[in-house]
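Data first, discussion second: the structure below is written as structure tokens.
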Amino acid sequence: MEQSEAYQSAKKRVEAKMSFYTHVSVYVAIILLLAVINLSFSPGTLWFHWPMMGWGIAVVLHAFAVFVFPSRFTVTEKMIEKEMNKSQTRS
């Protein structure tokens, strides 16, 4: 049972990291597309940096959640386990 829990925990961390890498990939692709559109159609007025900065903040926060504060996943898992135990004892 303990190995299964360790596997599930590791799986959730890997999924969180993959989600972050997907987020960064989409961010880079869309920002490059917006830069090309901006520079092609209105090179005198640069506007693509606004979505780049706004979305960039979200990417940084996502990075912090995945790499700096990964313990939140263990807290969530413990809370879920506690709730599951409560519901099993009531049944």
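The values are calculated or read from the model by the stated rules, or taken from the named source; none is laboratory data. As the structure is a computational prediction, the values presented were derived from the model and not from experiment. For neighbour counting, all protein chains shown are included, and Cβ atoms are generated from backbone atoms with ideal geometry for every residue, glycine included. Note: areas computed on protein heavy atoms with side chains; ligands, DNA, RNA excluded. Shrake-Rupley method; radii C 1.70, N 1.55, O 1.52, S 1.80 Å.
Rg/Rh for the chain stands at 1.25; both radii use Cα atoms, and Rh follows the Kirkwood definition. Among the protein heavy atoms of segment 1-73, carbon and sulfur supply 73% of the accessible surface, probe 1.4 Å, non-protein parts ignored.
Which whole-number value in Å² is the accessible area per residue of the chain, probe 1.4 Å? Walk me through the intermediate numbers first.
Details: 7150 Å² over 91 residues.
Normalised by residue count, the accessible surface of the chain is 79 Å².
Ordering Phe67, Pro43, Ala29 by the projection of their Cα atoms onto the charge dipole of the chain, which places +1 on the Cβ of Lys and Arg and -1 on the Cβ of Asp and Glu, puts Phe67 at the extreme positive end.
3J(HN,Hα) along segment 37-54, derived from phi through the Karplus expression 6.51 cos²θ - 1.76 cosθ + 1.60 where θ = phi - 60°, amounts to 4, 4, 6, 7, 9, 8, x, x, 10, 8, 10, 5, 5, 5, x, 4, 6, x Hz, with x in place of Gly and Pro. For Lys17, a cut-off of 24 angstrom between C-alpha atoms picks up these lysines, skipping any fewer than 8 places away in its own chain: Lys78.
Basic side chains Lys and Arg get +1 at the Cβ, acidic Asp and Glu get -1 at the Cβ, and with that the dipole of the chain about its Cα centre reaches some 180 debye.
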